[in-house]
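Report on the following structure.
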Amino acid sequence: MITVKGLDHVVLRTTSLEDMLSFYVDILNCPLERQLLAEGLIQLRAGNALIDIVTCDSPLGKLGGKPPQQDGRNVDHICLQIAPCEEKALLNYLEVNDISHQGFTQRYGAEGFGRSVYIEDPEGNVVELKFALES
């Protein structure tokens, strides 16, 4: 049912935005792609994927809980690009396999806006499944 095409994006939470941007932009040469400062999100291009940097004290960052530390997660979620299929069929597949979801919605990713769904792995890590653009 699910065919993974690649990594779409990873979302990193931070309390040191300037240091993170210096590292990823200046040292790793990941150019700025998009900023949603009111939400606390900066997106950087990493080849055909994105690295999203979210400030922990922002509205979006607060959804992830405590700042990164021993008992606070740093990675908010990963997003896998999957081959397009019917949304209803994929949701049924997840439900048959006892995987809860929040339903599909429109989100921005490495290929622009597209439909995706959030699920959790057995350790509670959030995984976003996002349809790859058809070529």
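The values are calculated or read from the model by the stated rules, or taken from the named source; none is laboratory data. Just so it is clear, the model here is predicted, and its values are computed rather than measured. Here the Cβ positions follow ideal geometry from the backbone for every residue, glycine too, while neighbour counts run over all protein chains shown. Keep in mind that these areas ignore ligands, DNA and RNA; they rest on the heavy atoms of the full protein, side chains included. Shrake-Rupley method; radii C 1.70, N 1.55, O 1.52, S 1.80 Å.
Name the long-range amide H neighbours of ALA46: under 5 Å, sequence gap of 5 or more, or other chain; modelled H, no Pro or chain starts.
Residues meeting the criterion, in which the H sits 1.01 Å from N, are ILE51.
How much of the DSSP bridge set in the chain is antiparallel, in percent, rounded to the nearest 5?
Counting DSSP beta bridges with both partners in the chain, the antiparallel share is about 70 percent.
Which far-off residues, 5 or more places away or on another chain, put their amide H under 5 Å from the one on ASP8, with H placed in the peptide plane?
For ASP8, whose amide H was placed from the backbone, the distant partners under 5 Å are CYS79, LEU80, GLN81.
Using Cα positions and a limit of under 15 Å, work out the aspartates and glutamates in reach of LYS66, with same-chain residues fewer than 8 apart set aside.
Of all the aspartates and glutamates, those that pass the test against LYS66 - Cα under 15 Å, at least 8 places apart if same chain - are ASP57, ASP76.
In the chain, with Lys and Arg counted as +1 and Asp and Glu as -1 at Cβ, which of these residues, GLN35, GLY65, GLY6, has the Cα nearest the positive end of the dipole, that is, farthest along it?
Going by the Cα projections, it comes out as GLN35.
Leaving ligands and nucleic acids out of the surface, order THR105, THR3, THR14 by accessible area at 1.4 Å, largest first.
On the way: THR105 55, THR3 75, THR14 10 Å².
Of THR105, THR3, THR14, the descending order of accessible area is THR3, THR105, THR14.
Based on the alpha carbon coordinates of region 17-83, what radius of gyration and maximum Cα-Cα distance (Dmax) apply, in Å?
In Å, with Rg to one decimal and Dmax whole: 12.5, 36.
Pop the C-beta distance of THR105 and ILE2 into the FRET formula with R0 = 25 Å and round what comes out to the nearest 0.05.
Efficiency at R0 = 25 Å is approximately 0.90.
Select one label from [x] 39; [y] 32; [z] 69: the one whose number is percent of Cα pairs over 22 Å apart as derived from the coordinates shown.
Looking at percent of Cα pairs over 22 Å apart for this model, the match is [x].
Cα to Cα, under 18 Å, and not fewer than 8 places away if on the same chain: which lysines meet these conditions relative to LYS130?
Once the sequence-local lysines are set aside, what remains near LYS130 is LYS5, LYS88.
Just to be sure I understand the model, the point goes 7 Å from the Cα along the line to the Cβ. What's the resulting GLU134 to ALA38 distance in nm?
Label at GLU134, label at ALA38, 3.5 nm between them.
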